[in-house]
Amino acid sequence: MLKVIIVAGARPNFMKIAPIVAAMKRRAEFQPFIVHTGQHYDEAMSEAFFRDLNLPSPDVYLGVGSGTHAAQTAAVMTAFEPVLLKEKPDWVVVVGDVNSTLACTLVCSKLQVRVAHVEAGLRSRDRAMPEEINRLVTDQLADLLLTPSLDADANLRAEGIEENRIRFVGNVMIDSLMNQLERARSSTILTTLDLEEESYSVLTLHRPSNVDEQNAFVRILAALERIASRLPIVFPIHPRTRKMIDELGLGDRVAGISDLRLIDPIGYLDFLRLMSRARLVLTDSGGIQEETTVLGIPCITLRENTERPITVEMGTNMIVGTDSAKIIEAANRALDHATDKSNLRVPELWDGHTADRILDALSESRHVGTAGG
Ligand code: UD1
């Protein structure tokens with residue numbers, strides 16, 4: 001029996017742990033133990049996802065909440081350490097690149113508990129992005145680096161990481177997408193918002209470099225004014241972004257864009273439905289670049305770089321940045337040409353079976369020592 005602590009803290013973690021927990025329930029060799037750090041705590045950012053993804057309630061909830069990077073990271077570390085000492089797992093699994101990912105990895109390393117990082121090796125090469133720091137440090141420390149695409153393996157090798165710590169398993173978030181797409185069909189979100197299929201766009205925006213910076217935010221809004229004149233834009237708004245609209249005094253400007261429809265954050269199934277029937281997606285999220293690649297929906301990424309280049313090489317993603325004219329031009333180009341979904345290319349091992357490959361890797365690596373230990 002392998003006892004495995006699975007850590008989740010923020011919204012983009014939940015769809016990554018759900019298939020892993022489900023696979024462990026099918027395989028008697030594994031005993032999963034879910035730790036929720038509480039980095040995200042609003043109902044709409046957390047519990048809604050447990051419901052939609054059929055995730056069992058966490059075994060432990062650390063309730064750390066928001067704070068500066070140092071305060072939040074430290075709070076997760078302090079709260080997680082006693083759980084680790086008490087539960088004595090064979091493995092800890094961390095996913096993605098949020099502060100909880102880094103914090104729990106650090107605690108494991110100090111206590112010489114084996115840690116596996118799911119979604120290892122992604123690099124934006126932009127150290128102004130907090131997630132890039134989390135990725136670099138997590139991958140230096142973790143014992144087993146489970147990668148979503150082969151460019152990630154190459155990044156790890158280039159950083160001098162030993163070959164026997166790297167394992168290409170594919171993209172676990174796509175397991176969730178494939179598992180839930182059928183259920184998402186019964187979502188009533190399009191009727192509720194009075195939207196017609198393929199005649200609206202979806203926007204998500206929450207990166208500090210876009211929403212905490214007045215100039216970048218205003219450039220994006222200028223582009224949205226023009227795009228919204230062609231088709232409605234549905235904007236499920238992240239709590240950070242809502243707060244910054246108030247703080248930066250942008251409320252009137254946002255409200256003045258008539259077909260920019262702000263709605264509260266929505267759950268996984270509603271979002272999947274909304275995204276899968278959209279004409280266009282605009283985003284600064286990492287995961288959405290991957291989901292639109294699999295769904296074949298044109299995606300305009302409002303960032304200067306991506307840690308997921310495969311979504312540009314093989315998928316529907318365009319890295320456009322925050323220049324108003326470039327965003328408008330990319331949107332017009334996407335809207336002027338019908339999307340051809342007949343020859344969709346999906347990256348290798350984005351096949352819905354990544355969770356089982358993750359469990360195989362944990363099982364086969366059960367006797368490896370801790371990294372550097
Ligand atoms: C975090 C992750 C980011 C991920 C994003 C997805 C880090 C460094 N960042 O960013 O990688 O893409 O989650 O959402 O880990 N807040 C609420 N309710 C909540 C959670 C947050 O109101 O449930 C507000 C608080 O004001 C908080 C702010 O949002 O200060 C930011 O939350 P935080 O967890 O610090 O970072 P995110 O921007 O959500």
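For region 120-176: of the residues being within 15 Å of the ligand (Cβ to nearest atom), surrounded by 19 or more Cβ atoms within 10 Å (Cβ to Cβ) and not β-branched (Val, Ile, Thr), which is nearest to the chain's Cα centre (by Cα)? Taking the candidates together, the pick is Met173.
For residues in region 177-207 being under 30 Å from Ile358 (Cβ atoms) and within 16 Å of the ligand (Cβ to nearest atom), which is surrounded by the most Cβ atoms within 10 Å (Cβ to Cβ)? Give the steps one after another, and end with the answer.
Here is the first cut: in region 177-207, the ones under 30 Å from Ile358 (Cβ atoms) are 177-187, 202, 204, 206-207.
Next, only the ones that are within 16 Å of the ligand (Cβ to nearest atom) stay: 202, 204, 206-207.
Details: Val202: 25, Thr204: 22, His206: 19, Arg207: 22.
The extreme case among them is Val202.
Condition first: assigned to a loop (DSSP other than H, G, I, E, B) and within 14 Å of the ligand (Cβ to nearest atom). Now tell me which residues in region 94-118 satisfy that. Scanning region 94-118 gives Gly96, Asp97, Val98.
Residues of region 287-306 include none that is in a loop (DSSP other than H, G, I, E, B), acidic (Asp, Glu), in contact with a helix residue (DSSP H, G or I) (Cβ under 8 Å, 6 or more places away or on another chain) and in contact (Cβ under 8 Å) with a residue 24 or more places away in the chain.
Here is a yes/no grid of residues against (1) more than 18 Å from Val202 (Cβ to Cβ); (2) surrounded by fewer than 21 Cβ atoms within 10 Å (Cβ to Cβ):
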site	(1), (2)
Arg226	no, yes
Ile233	no, no
Pro236	no, no
Met244	yes, yes
Gly249	yes, yes
Met275	no, no
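Answer yes or no: is there a residue in region 75-85 that is in a loop (DSSP other than H, G, I, E, B), open to solvent by 50 Å² or more (accessible area, probe 1.4 Å), away from the ligand (no atom under 12 Å from the Cβ) and of a type in the set (Asp, Glu). Scanning region 75-85 turns up no residue that is in a loop (DSSP other than H, G, I, E, B), open to solvent by 50 Å² or more (accessible area, probe 1.4 Å), away from the ligand (no atom under 12 Å from the Cβ) and of a type in the set (Asp, Glu). A count restricted to region 254-270 and to residues that are surrounded by fewer than 23 Cβ atoms within 10 Å (Cβ to Cβ) and either assigned to a helix (DSSP H, G or I) or out of contact with any strand residue (DSSP E or B) (no Cβ under 6 Å at 6 or more places or on another chain) (or both) stands at 10.
Contact map, region 1-17: first residue more than 25 Å from Arg240 (Cβ to Cβ), second residue at pLDDT below 95 and surrounded by fewer than 24 Cβ atoms within 10 Å (Cβ to Cβ), Cβ cut-off under 7 Å, separation 6 or more or different chains; pairs are Leu2/Arg366.
The values are calculated or read from the model by the stated rules, or taken from the named source; none is laboratory data. On a predicted model such as this, the values are computed, not experimentally measured, just so you know. For neighbour counting, all protein chains shown are included, and Cβ atoms are generated from backbone atoms with ideal geometry for every residue, glycine included. Remember, those area values only see protein heavy atoms, side chains included, never the ligands or the DNA or RNA. Shrake-Rupley method; radii C 1.70, N 1.55, O 1.52, S 1.80 Å.
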